[in-house]
Amino acid sequence: MEKQSGITKETLLNLKEKLKAGVLPQWVLADRDMYDLEIKQVFGRTWQFLAHESELKEPGSYVTRWIANDPILLTKTKSGEIKAFLNSCTHRGTLLCTADSGKQKSFTCPFHGWTYNNEGDLVGIAVGNKVYGEEMNKEDWNLRPVPNVDSYQGMIFGNLDHKAESLSDYLGNMKWYLDMMLGRSDGGMEVQGSPQRYVVEANWKVTAENFESDPYHVQFTHKSSKELGIAPNDPFFPGHGHQVVLDNGHGINLVQLDDTGISPIPYQGMPESMWPMFQKNLNKEQNDMVKDTFFVGGVYPNLGFLQFTFPLLDSDNGFYNFLNFRVWRPLAPDKVEVWSWHLIDKDAPQEYKEKSYVSFLSTFGPSGLLEQDDAEIWSRVTQASNGIMAQDKDLSYNSFLNYLMGMDRVQPNEDFPGPGVAYPLCFLDTLSRSMHKRWIDLLLAETPVKEEVR
């Protein structure tokens, strides 16, 4: 008999063996069956970043977000609790709230007028007594809560899996680095402005891997940043530092500007008046990293972060630090919606916050210099991955992608002071391989794929 359509368990096991050898077939970047399986197995089971607590400042505040195809309504109740619901009216299923954010006590469905409070309770039905009578129990038709909602260091996550492990267990040893990034100042971090949002013709795995685990691309993709003086002229930048592989596919690159290990821009360019605060809130190992390195990495599967410093190309030519969170929301095998947040310390001077935001927009905003570089490359990968040769699953065309960089050549640094397995180099595919291994493991976990039929 011929093979059934879809992704078989045998196919996934073969991918796992190929990855062990340092390669992956290109067809996985644009295959519809693979994408459909990922939505269920990856995005239906992992913790997804939804918002930062600073976006929900007061009771009644709300934002609307997504977990892949599931619309999510996040609200702050009178008691200050953060709740998350499927943003879908329980009457006929339309999107309940279409605004990105706001503040209100209740949400009225634009279809038939059913009304819910910000606790998710159904509190009003248009002419309800006449059309439903007293026997209808409103509590049976409250908004459907997201099965799991939790937060860490101000980051709010949701998980659609009723059997999911705790957020704390899922983050694992990544928490040590999140503490370093988000807990360095007394007031923590806050979001400036609204998250930027735009669509790129690319597979979500391409964007996540490139942003979170691939400093190697900087030399060529972002060549113009060197010409403008935004990046160092060192041909090995940003290979200096450590690439750290963490639990569950998470990881971080601790980038140094040169090979001295001492940053010429201490504390990522933050005001000197704040340095004692960082020293107080961080342990020695964390403080040394904040002082002398910059961070780029991610929480698997699709939360990337960048904490870096870029100069403003204006009269003062000052360097301004920011923390950029971004979520790669899959829309199709070859399309991703990018959500991008700017965060900065609440305790930073107001003028610094404003210039930090401008620095973010000019580099990693939708029209930013570096973002345009990346988006162009991501689209080109998609263009090259949709054809007959790249999509050949029998691999007659030998359509493999190379993940061999550093494999069996670079050994971990046993003296590294932080958690995880740390390699003394950032130009590596070690973290990329770890991310893809996690991807395959999730696809195989209790996988409802079709067995091979022979």
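The values are calculated or read from the model by the stated rules, or taken from the named source; none is laboratory data. All of these numbers come straight from a predicted model, not from anything done at the bench. Backbone-built Cβ (ideal geometry, glycine too); neighbour counts: all protein chains shown.
Might you let me know whether region 187-199 holds any residue that is touching a residue at least 12 places away in the same chain (Cβ under 8 Å), of a type in the set (A, V, I, L, M) and surrounded by fewer than 22 Cβ atoms within 10 Å (Cβ to Cβ)? Explain how you work it out, then say what you get.
Restricting attention to region 187-199, the residues satisfying the condition of being touching a residue at least 12 places away in the same chain (Cβ under 8 Å) are 187-199.
If we keep only those that are of a type in the set (A, V, I, L, M) too, we end up with 189, 191, 199.
Still in the list and also surrounded by fewer than 22 Cβ atoms within 10 Å (Cβ to Cβ): 191, 199.
Scanning region 187-199 turns up at least one residue that is touching a residue at least 12 places away in the same chain (Cβ under 8 Å), of a type in the set (A, V, I, L, M) and surrounded by fewer than 22 Cβ atoms within 10 Å (Cβ to Cβ).
Suppose the filter is among the small types (G, A, S), modelled with pLDDT of 95 or more and within 30 Å of T46 (Cα to Cα); does S379 pass it?
Details: among the small types (G, A, S): yes; modelled with pLDDT of 95 or more: yes; within 30 Å of T46 (Cα to Cα): yes.
The answer is yes for S379.
Can you tell which of A126, A164 is assigned to a loop (DSSP other than H, G, I, E, B), small (G, A, S) and touching a Gly at 6+ places or on another chain (Cβ under 6 Å)?
Values: A164 fails: touching a Gly at 6+ places or on another chain (Cβ under 6 Å).
Of A126, A164, the one residue that is assigned to a loop (DSSP other than H, G, I, E, B), small (G, A, S) and touching a Gly at 6+ places or on another chain (Cβ under 6 Å) is A126.
Would you mention how many residues in region 247-259 are among the charged types (D, E, K, R) and within 25 Å of the chain's Cα centre (by Cα)? So that I can check it myself, show each step before the final result.
Kept after step one, since they are among the charged types (D, E, K, R), are these residues of region 247-259: 247, 258-259.
Checking the rest, the ones that are also within 25 Å of the chain's Cα centre (by Cα) come to 247.
Of the residues in that region, 1 qualify.
Does S379 satisfy the criteria of being under 30 Å from G229 (Cβ atoms), without any contact (Cβ under 8 Å) to a residue 24 or more places away in the chain and polar (S, T, N, Q)? Don't jump to the end; show me each part of the working.
Working: under 30 Å from G229 (Cβ atoms): yes; without any contact (Cβ under 8 Å) to a residue 24 or more places away in the chain: no; polar (S, T, N, Q): yes.
The answer is no for S379.
Here is a check on your reading of the model: is S367 touching a residue at least 40 places away in the same chain (Cβ under 8 Å) and among the hydroxyl-bearing types (S, T, Y)? Let's see the steps before the verdict.
Values: touching a residue at least 40 places away in the same chain (Cβ under 8 Å): no; among the hydroxyl-bearing types (S, T, Y): yes.
It is false that S367 is touching a residue at least 40 places away in the same chain (Cβ under 8 Å) and among the hydroxyl-bearing types (S, T, Y).
Considering each residue of region 345-370, count those that are more than 20 Å from M181 (Cβ to Cβ) and in contact with a Ser or Thr (Cβ under 7 Å, 6 or more places away or on another chain), and give that number.
2
So that you can scan it fast, the table gives a plain yes or no per residue for (1) under 27 Å from Y198 (Cβ atoms); (2) surrounded by 17 or more Cβ atoms within 10 Å (Cβ to Cβ); (3) at pLDDT below 95:
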position: I72; (1), (2), (3): yes, yes, no
position: A84; (1), (2), (3): yes, yes, no
position: V127; (1), (2), (3): no, no, yes
position: N137; (1), (2), (3): no, no, yes
position: P145; (1), (2), (3): no, no, no
position: D150; (1), (2), (3): no, yes, no
position: I156; (1), (2), (3): yes, yes, no
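Counting only residues that are among the small types (G, A, S) and closer than 18 Å to F236 by Cβ, how many does region 256-277 have?
Narrowing region 256-277 to residues among the small types (G, A, S): 261, 263, 269, 273.
Those still in the list that are closer than 18 Å to F236 by Cβ too: 261, 263.
Going through region 256-277 one residue at a time, the tally reaches 2.
Condition first: in contact with a helix residue (DSSP H, G or I) (Cβ under 9 Å, 6 or more places away or on another chain) and either surrounded by fewer than 18 Cβ atoms within 10 Å (Cβ to Cβ) or small (G, A, S) (or both). Can you find one or more residues in region 102-120 that meet it?
Taking every residue of region 102-120 in turn, none turns out to be in contact with a helix residue (DSSP H, G or I) (Cβ under 9 Å, 6 or more places away or on another chain) and either surrounded by fewer than 18 Cβ atoms within 10 Å (Cβ to Cβ) or small (G, A, S) (or both).
Residues that are more than 24 Å from the chain's Cα centre (by Cα): find the strands (runs of 3 or more DSSP E) completely inside region 59-117 holding 1 or more of those. Before the answer, list the steps.
Details: elements: 61-67, 70-76, 82-86, 101-103, 106-108, 115-117.
It comes to 101-103, 106-108, 115-117.
What do you reckon, is F308 at pLDDT below 95 and either part of a strand (DSSP E or B) or surrounded by 19 or more Cβ atoms within 10 Å (Cβ to Cβ) (or both)? Before the answer, list the steps.
Working: at pLDDT below 95: yes; either part of a strand (DSSP E or B) or surrounded by 19 or more Cβ atoms within 10 Å (Cβ to Cβ) (or both): yes.
When the stated conditions are applied, F308 passes them.
Does region 173-196 contain any residue that is part of a helix (DSSP H, G or I), in contact with a helix residue (DSSP H, G or I) (Cβ under 9 Å, 6 or more places away or on another chain) and among the acidic types (D, E)? Before the answer, list the steps.
Just the residues of region 173-196 that are part of a helix (DSSP H, G or I), to begin with: 174-182.
From what is left, the residues that are in contact with a helix residue (DSSP H, G or I) (Cβ under 9 Å, 6 or more places away or on another chain) are 174-181.
Within this subset, residues satisfying the condition of being among the acidic types (D, E) are 179.
Yes: one or more hits.
Residue-by-condition table, conditions (1) more than 17 Å from L370 (Cβ to Cβ); (2) modelled with pLDDT of 95 or more; (3) over 24 Å from the mean Cα position of the chain (by Cα):
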site: P195; (1), (2), (3): yes, yes, no
site: E201; (1), (2), (3): yes, yes, no
site: V245; (1), (2), (3): yes, yes, no
site: G261; (1), (2), (3): yes, no, yes
site: I265; (1), (2), (3): yes, no, yes
site: E272; (1), (2), (3): yes, yes, yes
site: F294; (1), (2), (3): no, yes, no
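Consider region 129-147. How many of its residues are polar (S, T, N, Q) and either farther than 16 Å from T75 by Cα or in a helix (DSSP H, G or I) (or both)?
Total meeting the criteria: 2.
Could you please let me know if A384 is closer than 27 Å to G44 by Cβ, surrounded by fewer than 15 Cβ atoms within 10 Å (Cβ to Cβ) and either more than 20 Å from the chain's Cα centre (by Cα) or touching a residue at least 12 places away in the same chain (Cβ under 8 Å) (or both)?
Against the criterion (closer than 27 Å to G44 by Cβ, surrounded by fewer than 15 Cβ atoms within 10 Å (Cβ to Cβ) and either more than 20 Å from the chain's Cα centre (by Cα) or touching a residue at least 12 places away in the same chain (Cβ under 8 Å) (or both)), A384 does not qualify.
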